[in-house]
Amino acid sequence: MKKAIIFSAPSGSGKTTVVNHLLSVMPELGFSVSATTRKPRENEVDGREYYFLDLEDFKQKVANDEFLESEEVYEGIFYGTLHSEVERLWSLGKTVIFDVDVAGGVRIKKKFGDNALSIFLRPPSIDILMDRLRKRSTEVEHQLQMRIDKAHFELQFENQYDIVLINDKLEETLQKAEDIVKSFIQS
Ligand code: ADP
Ligand code: 5GP
């Protein structure tokens, strides 16, 4: 059966940390590599974290209807999931796991219905979220502010998700995430 797990949350909530943990302990999961027009961070590899596309290429793929969903997540920066990526993972027999923004997660859940489990990962508070983002040190200050502004908005969407998981103590979050995902795959 073609199944999918959707992890969404404001930037800095811990999606990457949780998804990477699940991938390391559950070989039956396959990470959906999104396409983006943002520049790679240090250590990011094309085709591993993202397919890094230029804007023209991205827009051409939108026009060709190649995306399951896509969005201008931040001003001038586009992200999206290609149909071909999901099909690639399903053809390998994997359950697809998505790390997408809150609006994208809601859209993917609507498309996949009961074949998908959507999980909203919530930081214990906005202050803790800001602190984690600052410590991660991957964004310059104006991009950091952009992410925090968006987080206030995104936190209103948790009731559109199947499950809300509060990411307070990391070890506990990882264990809970594992239990939730395993029970969904076995159902
Ligand atoms: P996202 O992918 O949602 O943007 P990350 O997984 O990059 O978030 O996490 C943001 C930062 O917070 C990272 O530096 C990560 O190591 C840290 N982090 C994640 N979860 C916790 C936690 N429960 N307690 C403390 N720090 C955390
Ligand atoms: P980052 O730049 O920190 O890697 O990601 C920024 C945001 O874009 C995150 O919230 C991430 O989940 C989201 N994102 C990544 N891929 C996609 C996608 O394919 N679609 C949507 N809607 N959001 C995505």
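Kindly evaluate Ser187 against the criterion of being within 12 Å of ligand 1 (Cβ to nearest atom), hydroxyl-bearing (Ser, Thr, Tyr) and open to solvent by 70 Å² or more (accessible area, probe 1.4 Å). So Ser187 fails the test. Among the residues of the stretch 1-20, those identified as open to solvent by 10 Å² or more (accessible area, probe 1.4 Å) and either among the hydroxyl-bearing types (Ser, Thr, Tyr) or closer than 21 Å to Asp131 by Cβ (or both) are Ser11, Gly12, Gly14, Lys15, Thr16, Thr17, Asn20. Do you know which residues across the stretch 84-108 are open to solvent by 40 Å² or more (accessible area, probe 1.4 Å) and within 12 Å of ligand 2 (Cβ to nearest atom)? Within the stretch 84-108, Arg107 is the sole residue that qualifies.
In the stretch 69-187, counting only helices (runs of 4 or more DSSP H) that sit wholly within it, the ones holding 2 or more residues that are within 28 Å of Glu56 (Cα to Cα) and not aliphatic (A, V, I, L, M) span 83-91, 102-112, 141-154.
Conditions (1) β-branched (Val, Ile, Thr); (2) touching a residue at least 12 places away in the same chain (Cβ under 8 Å), marked per residue:
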site: Ala103; (1), (2): no, yes
site: Val106; (1), (2): yes, yes
site: Leu133; (1), (2): no, yes
site: Asp149; (1), (2): no, no
site: Ile163; (1), (2): yes, yes
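Examine the stretch 66-87 for a residue that is small (Gly, Ala, Ser) and over 27 Å from Gly30 (Cα atoms), and state whether such a residue exists. Within the stretch 66-87, one or more residues are small (Gly, Ala, Ser) and over 27 Å from Gly30 (Cα atoms).
Within the set Ala116, Ala63, the sole residue that is over 28 Å from Met130 (Cα atoms), crowded, with 20+ Cβ neighbours inside 10 Å and of a type in the set (Gly, Ala, Ser) turns out to be Ala116.
Only a single criterion out of (1) more than 7 Å from ligand 2 (Cβ to nearest atom); (2) assigned to a strand (DSSP E or B); (3) surrounded by 13 or more Cβ atoms within 10 Å (Cβ to Cβ) is not satisfied by Glu44, namely (2).
Considering only residues in the stretch 57-100 that are of a type in the set (Ser, Thr, Tyr) and at pLDDT 95 or above, the one that is farthest from ligand 1 (Cβ to nearest atom) turns out to be Ser91. Residues of the stretch 45-56 that are modelled with pLDDT of 95 or more and within 16 Å of ligand 1 (Cβ to nearest atom): Tyr50 alone.
The values are calculated or read from the model by the stated rules, or taken from the named source; none is laboratory data. Being a predicted model, the structure only gives us computed values, none of them experimental. Using ideal geometry, Cβ is built from the backbone for each residue, glycine included, and neighbour counts are taken over all protein chains shown. Surface areas here come from the heavy atoms of the whole protein model, side chains and all, with no ligands, DNA or RNA. Shrake-Rupley method; radii C 1.70, N 1.55, O 1.52, S 1.80 Å.
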